[in-house]
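Read through the structure below, which is laid out as structure tokens, and then see the notes.
Taken together, the values in this text are just the output of simple stated rules run on the coordinates, not laboratory data. Note that the coordinates shown come from a computational prediction; the quantities given were computed from them, not determined experimentally. Counting neighbours? That spans all protein chains shown, and the Cβs are built from the backbone with ideal geometry, glycine included.
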């Protein structure tokens with residue numbers, strides 16, 4: 001066919017399509033028209049079956065133009081549905097959610113309605129289904145929507161595994177929320193070969209039937225090379241590894257020894273007995289503690305490194321610290337917020353060295369009430385660098401060698417243990433919730449391979465420092481709340497009623513109860529955890545309760561901290577590794593030095609919302625990256641143990657299987673196809689799976705024995721199967 005003929009045919013088709021659009025639009029605009037579904041429109045207009053798809057295309061085109069919209073029940077009406085905007089959060093299973101600023105509830109987006117949106121995209125969407133009663137398991141279904149337009153892409157680079165084909169290449173993204181491989185044209189691979197982990201710069205986001213396209217911007221290393229796995233996560237989360245030269249030069253210039261001029265005008269506490277207590281490997285020691293008795297009361301000093309003395313506002317160091325927001329603690333390395341010259345040097349409260357500090361000195365009664373306090377710029381000299389292990393030996397096991405080695409400090413440690421218990425009980429009485437989850441302790445060899453994974457339990461010393469830091473944070477927050485000055489708080493909102501109702505339903509299956517009325521109180525959650533303490537289901541109840549909580553955040557507005565049952569709370573104690581702490585130190589020092597005039601107040605009121613938002617974003621990023629590196633090493637560890645059996649507890653039930661957590665904190669999934677059943681019955685309200693044929697019951701919190709089936713390093717997942725001989729499996733037809 002000639003080119004002119006093809007053009008003529010295309011033009012004729014377009015003309016026919018436009019005529020059909022006009023016919024359908026005029027029909028829907030008619031005064032006698034009532035909302036109809038597509039098949040009803042086809043019946044009224046006598047559209048032949050073979051042209052039904054053409055009708056659907058016409059309706060879709062009119063909807064895309066905003067001339068008509070389809071209701072939640074699939075009926076078409078004149079006009080445009082209300083268009084909303086938000087941020088798209090993708091899910092590895094294809095669907096996603098849109099988060100709207102100022103709204104507490106997100107909107108579910110089915111897989112077929114995502115419009116090709118990427119994780120983090122700013123999108124325009126419409127609501128297709130309002131909240132309604134769910135048909136399964138009670139409760140309510142969330143709102144559903146449809147993305148109609150992508151306003152902007154935030155994902156510009158993707159990390160993944162490069163694979164070479166004959167005349168092109170493609171990259172399998174590490175981020176499971178990116179559902180399509182990235183097409184790499186010939187000549188755009190930058191020398192990458194199959195097995196290389198790479199950073200891809202996107203040049204096209206693809207479409208309905210077209211893959212995204214990109215070019216290799218950086219080769220991280222081969223997947224089998226030591227360190228490549230962690231570095232891929234670092235690059236994937238865009239974590240800055242190196243400091244700019246300007247920042248490093250500035251750090252070198254300001255990291256001078258403490259001089260007499262530096263100490264002038266400060267409260268001199270160098271003759272006070274004080275220690276730092278940290279993990280054995282810690283190098284950035286930003287808090288020291290002291291304790292004496294005075295008139296029957298405890299005089300507790302929490303002394304925090306005065307980092308603001310070296311990191312001036314708006315300096316290159318300050319801008320870089322705000323950009324990073326926080327130090328990131330990965331399994332094999334730390335990515336610091338500040339250069340090591342500062343964080344491990346002059347800002348670290350090293351024993352025997354003069355150091356500048358910001359101190360909160362509190363007078364605490366034997367009942368745990370803070371009856372007086374002083375916040376001051378100080379100069380200190382730490383007597384001893386202690387570890388949690390060493391202090392625990394002194395206090396818990398009464399280790400003679402350790403007590404003799406630190407005999408001059410033992411009386412203070414014993415008083416600290418007393419005060420810690422008092423403070424903890426005082427918090428408990430007001431309803432503070434204490435989630436005592438074991439963290440994962442990971443031992444790696446010189447090549448970064450995991451050789452041991454086990455729970456890392458808190459001891460007396462870790463709890464003691466936690467209690468003292470919490471008390472200082474509360475004291476500082478309350479002081480500056482009542483001063484009515486601009487400030488940055490750490491807030492934690494009351495949980496949503498829906499989540500508490502769901503928690504109530506779940507725990508009822510274990511014989512527990514929580515009051516569901518006009519808002520839950522922290523005390524009720526605390527009582528629930530107390531009842532479950534020491535029981536087989538303790539870890540599960542703790543986890544379910546935690547999942548019902550909201551995330552804590554930074555805010556210039558003080559709305560209290562639900563989890564701590566505290567009216568006032570902030571982060572004051574870690575300015576080396578958290579920017580919010582650094583920010584409020586500046587505010588405190590401006591106040592102490594009499595600089596808090598109108599101009600300075602206006603300045604802080606302007607910048608604090610931005611600082612709070614940036615701090616929340618970087619905190620989430622750091623948490624996700626830390627979690628991903630732990631998952632990766634757990635997968636590597638279990639790869640060497642395929643076929644082995646382990647004891648565990650069912651930690652989650654979903655439509656695709658049961659999650660099982662082992663005693664060493666590793667979690668894997670038993671897929672429904674591995675449950676010896678053709679299909680299964682899922683009960684959302686009871687949160688259990690029941691085999692359709694065997695009637696085996698799989699419940700939350702149930703002890704089980706599992707066998708390792710396999711692992712997926714790219715997806716960082718572990719697959720289990722239940723052991724058939726496990727006598728603890730239930731097989732009760734009446735369940």
Query raised in the report: What nm value, rounded to one decimal, do you get for the distance between residue 559 and residue 223 when each label is placed 7 Å out toward the C-beta?
Result: 4.4
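Order the peptides 43-51, 177-185 from the highest to the lowest mean number of other Cβ atoms within 10 Å of their residues.
Working: 43-51: 10.2, 177-185: 19.3.
Result, highest mean first: 177-185, 43-51.
Express in nm, to one decimal, how much length is gained between residue 313 and residue 18 on full extension, taking 0.36 nm for each residue of separation and deducting their alpha carbon distance. Please list the in-between numbers first.
On the way: separation 295, 0.36 × 295 = 106.20 nm, distance 6.11 nm.
Contour length minus Cα-Cα distance gives 100.1 nm.
Give the peptides 560-572, 163-175, 654-666 in descending order of average Cβ contacts within 10 Å, highest first.
Details: 560-572: 22.1, 163-175: 16.5, 654-666: 18.2.
Result, highest mean first: 560-572, 654-666, 163-175.
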Query raised in the report: When only C-alpha pairs under 8 Å and at least 6 residues apart count, what is the relative contact order of the chain, in percent?
Result: 9
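Can you list the equivalent-ellipsoid semi-axes of the chain, largest first and in whole Å, using the square root of 5 times each Cα gyration tensor eigenvalue?
Working: eigenvalues 534, 211, 165 Å².
Taking √(5λ) for each Cα gyration eigenvalue gives 52, 33, 29 Å.
Would you mind calculating the relative contact order of the stretch 495-621 from Cα pairs under 8 angstrom and at least 6 residues apart, reporting the percent as a whole number?
On the way: 90 pairs, mean separation 26.3, N = 127.
Relative contact order, the stretch 495-621: 21 percent.
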**Report entry** Mean residue ellipticity (222 nm) of the chain, computed from DSSP H runs ≥ 4 via -39,500 (n - 2.57), nearest 500
**Finding:** -10000 deg cm²/dmol
Report summary line: Relative to the chain, whose Cα atoms define the longest principal axis, helix 52-64 and its Cα axis are tilted in degrees, nearest 10, by 40
Query - Spin-label pair residue 645/residue 40, simplified geometry with 7 Å Cα→Cβ offset, distance in nm - result: 6.0
**Report entry** Cα principal axis extents for the stretch 237-381, largest first, Å
**Finding:** 53, 38, 26
Query raised in the report: So for the pair residue 154, residue 595, with labels modelled 7 Å out along Cα→Cβ, what separation do we get in nm?
Result: 3.3
Query raised in the report: What residues from the stretch 268-301 fall in the zone where the backbone N is under 11 Å from a label point 7 Å along the Cα-to-C-beta line of residue 441?
Result: 280
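So what's the stretch 166-318 giving for Cα Rg divided by 2.2 N^0.38 Å, two decimals?
On the way: Rg = 25.8 Å, N = 153, 2.2 N^0.38 = 14.9 Å.
After normalising by residue count via 2.2 N^0.38 Å, the value is 1.73.
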Report summary line: Against the 2.2 N^0.38 Å rule of thumb, the C-alpha Rg of the stretch 15-78 sits at a ratio of 1.01
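For the pair residue 257 and residue 84, what calculated FRET efficiency results from E = 1/(1 + (r/R0)^6), where r is the Cβ-Cβ distance and R0 = 60 Å, to the nearest 0.05? Walk me through the numbers before you get to the answer.
Working: r = 57 Å, r/R0 = 0.96.
The computed FRET efficiency comes out at 0.55.
Between residue 105 and residue 547, take the C-beta separation as r, use R0 = 25 Å, and let me know the FRET efficiency to the nearest 0.05. Kindly include the intermediate steps, with their values, before the conclusion.
Values: r = 16 Å, r/R0 = 0.65.
For R0 = 25 Å, the calculated efficiency reads 0.95.
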Query raised in the report: Between residue 627 and residue 51, what length in nm is gained on full extension when 0.36 nm per residue of separation is reduced by their alpha carbon distance?
Result: 202.2 nm
Query raised in the report: Could the peptides 501-510, 264-273 be put in order, highest first, of the mean number of other beta-carbon atoms found within 10 Å of their residues?
Result: 501-510, 264-273
Report summary line: Neighbour-count ranking for 17, 413, 118 (other C-beta within 10 angstrom, fewest to most) reads 17, 413, 118
**Report entry** Calculated FRET value between residue 655 and residue 168, using beta carbons and R₀ = 41 Å, to 0.05
**Finding:** 0.65
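Evaluate 2.2 N^0.38 Å with N set to the residue count of the stretch 420-574, then give the Cα radius of gyration divided by it.
Numbers: Rg = 17.7 Å, N = 155, 2.2 N^0.38 = 15.0 Å.
Cα Rg divided by the expected 2.2 N^0.38 Å: 1.19.
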